[in-house]
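The values are calculated or read from the model by the stated rules, or taken from the named source; none is laboratory data. Keep in mind that what you see is a predicted model, and the values were worked out from it rather than measured. FYI the Cβ positions are ideal-geometry reconstructions off the backbone, even for glycines, and counts take in every protein chain you see. Protein only, heavy atoms only, side chains kept; ligands, DNA and RNA dropped before computing areas. Shrake-Rupley method; radii C 1.70, N 1.55, O 1.52, S 1.80 Å.
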Amino acid sequence: MSNLLVIGAQWGDEGKGKIVDFLSPAFDIVARYQGGHNAGHTVYLKGKKIVLHLIPSGILHADKIGIIGNGLVIDPAAFFKELEDLKSIGVEVNEKRLMVSRSAQVIMPYHPQMERVSEAQRGKKMIGTTCRGIGPCYEDKAARWGIRLADLLEPEILREKIEENLAIKNKILEAFGQPVFQVGPIFEQYQRFGEKLAPFIKDVSAYLYQQSKAGKSILFEGAQGVLLDLDHGTYPYVTSSSCTAGGVATGLGISPKQISGILGIAKAYTTRVGSGPFPTELKDETGELIARKGDEFGATTGRPRRCGWFDTVAARYACRINGIDLLALTKPDVLEGLTEIKACYAYEYKGSKLKDFLSDPYVLDRAQPVYRTFPVWSGSIHCLRDQEKLPAGFVDYFHWLEDELETPVGIISTGVAREDIICFKEKCSRLLGTKAEQLLEGL
Ligand code: GDP
Ligand code: IMO
Ligand code: MG
């Protein structure tokens, strides 16, 4: 096993940051392939909380190379702020250690503005986006109006593209009573961004090809989650990028054959931020308790996350469409102290039992989850590092999940710290080969 993909198997915020941080020592390069600074990946380093948005979490390891692929949308101001934030905690990141694809799209000042118009226009059906300009930037990419990072280095082309874009955008903004933008100030600001970004801008695809040939290994860091994928998620309540495994190849300019294994990350319950269907949502005290105990507030926007029981119908779908080899189950410690634990294994829909997920909101809104109830387990999992001490009730719970999902659970995360983790050696070795031993030794 040389290259591994880490992917969110729910609606995002599954704990990808923590798991990527744990796995990074076994890889040479950590690469993001989609999304933008809508992501918030939390890592605890010596007790200190760090949230990464655009830069791969692996960058916290001083000997790793970080890659930002062409599949991302980049807000240059957010990029430089993240570099500054990292510097302020002693993590030096320069162009030798971080590369951004020439073909990545640039988030322009009119994108968040267009997004606010679009969200307001939807009224009650608003998506509840992060308002970072992600959707409108991907819209421009697909409509072929987009400005790419390499364009920032070509003043004439940059000015022309800004002019072309504003000729349309300003008309729309004006029609909705919004302030319009002037070419000059944007051109000057983004030309300066280009000068600052220039050392980081590379042909990422060619770099990854050469490094792979030289025997270097890559950890692909997914953002968001399968159910937020533009094609396979709960459309239209999704993000605008391909979060699924297919996005790796297009988002980095590599062959799909380069993905040697796929690790899915799932919480022991489910959360979602923003609007959209959520069959197992708990709109009661239990939901509030899980949110409180799990500290379920968005790492990017601070919004409260909606909480509910584990949904095996949705997670099985995530395993199927991505070919997930192994799962890491995070935050089971949060379920301690509840009076009962439930997990959904089917939906009741139009008089029959559905076991296969359908992503349409109007189906999911009417689907009634069918639950299995588990006894609460005695004994604590919080910060547990010894698999022998896992409570029997919890072991029954995750073995049942494995059966329902037809996918083994090889990693259990038991707390926020890197070391709060239990790895089942045999299952991990099957996926990670000798890297598994290296990681276990590092604990
Ligand atoms: P990501 O977007 O998938 O990287 O996840 P986020 O960082 O947005 O949210 C996951 C949250 O859960 C973070 O605050 C993590 O510190 C925290 N977390 C991760 N694993 C565990 C765990 O096993 N137990 C507990 N209690 N918290 C965890
Ligand atoms: P990580 O990588 C959870 C959600 C937003 C909204 C929808 C569309 O931390 O798991 P967007 O701004 O992307 O157009 O918003 O997607 N969303 C996330 N939810 N985790 C994320 O990232 C998310 N990134 C976007 O809340 O519902
Ligand atoms: Mg997050």
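What to note about this one:
- Accessible area per residue was computed with a 1.4 Å probe on protein heavy atoms; residue 426 scores about 140 Å².
- Stretching the chain fully between residue 382 and residue 396 yields a gain of 3.3 nm (0.36 nm per residue, less the alpha carbon separation).
- Potential lengthening between residue 46 and residue 143 on full extension [0.36 nm per residue; Cα-Cα distance subtracted]: 30.4 nm
- Taking Cα centre as origin and charging only the Cβ of basic (Lys, Arg, +1) and acidic (Asp, Glu, -1) residues, the dipole magnitude of the range 281-392 rounds to 240 debye.
- Ordering 275, 368, 345 by Cα displacement along the dipole of the chain toward the positive end leaves 275 in first place; charges were set at the Cβ atoms of Lys, Arg (+1) and Asp, Glu (-1).
- Largest to smallest in accessible area, the residues 300, 312 fall in the order 300, 312 (1.4 Å probe, all protein chains included).
- Working note: 222 nm ellipticity from helices only, DSSP H runs with n ≥ 4, each -39,500 (n - 2.57), summed and divided by the residues of the chain, gives -10500 deg cm²/dmol to the nearest 500.
- Estimated dipole of the chain in Debye, rounded to 20 [Cβ of Lys and Arg +1, of Asp and Glu -1, Cα centre]: 240
- Whole-angstrom gap from the range 197-259 to the range 87-152, using each part's C-alpha centre: 16
- Taking trypsin sites (Lys or Arg not before Pro) across the range 256-341, the ones in a DSSP loop with at most 11 further Cβ atoms lying within 10 angstrom of their Cβ are 283.
- Ligands, DNA and RNA are left out, and with a 1.4 angstrom probe the accessible area of the range 105-200 is 54 Å² per residue.
- Distance from the C-alpha centroid of the range 50-73 to that of the range 13-28: 11 Å, rounded to the whole angstrom.
- Extending 7 Å from Cα along the Cβ direction at residue 403 and again at residue 283 yields two label points whose distance is 3.3 nm.
- Just the protein heavy atoms count here, and of the accessible area of the chain at 1.4 Å, carbon and sulfur take up 50 percent.
- Taking the Cα centre of the range 105-200 as reference, the dipole from Cβ charges on Lys and Arg (+1) and Asp and Glu (-1) amounts to some 500 debye.
- The stretch between residue 301 and residue 250 holds 15.6 nm of extra length on full extension. This uses 0.36 nm per residue minus the Cα-Cα distance.
- Selected from 321, 381, 265 as most flexible by GNM, with the chain as the system and alpha-carbon contacts under 10 Å: 321
- Virtual spin-label span in nm between residue 260 and residue 355, 7 Å along Cα→Cβ: 3.4
- Counting only residues at least eight positions apart within a chain, or on another chain, the lysines with an alpha carbon under 25 Å from that of residue 202 are 64, 81, 87, 96, 141, 161, 213, 216, 257.
- Taking label points 7 Å from Cα along the Cα-to-Cβ direction, residue 121 and residue 92 give a separation of 4.9 nm.
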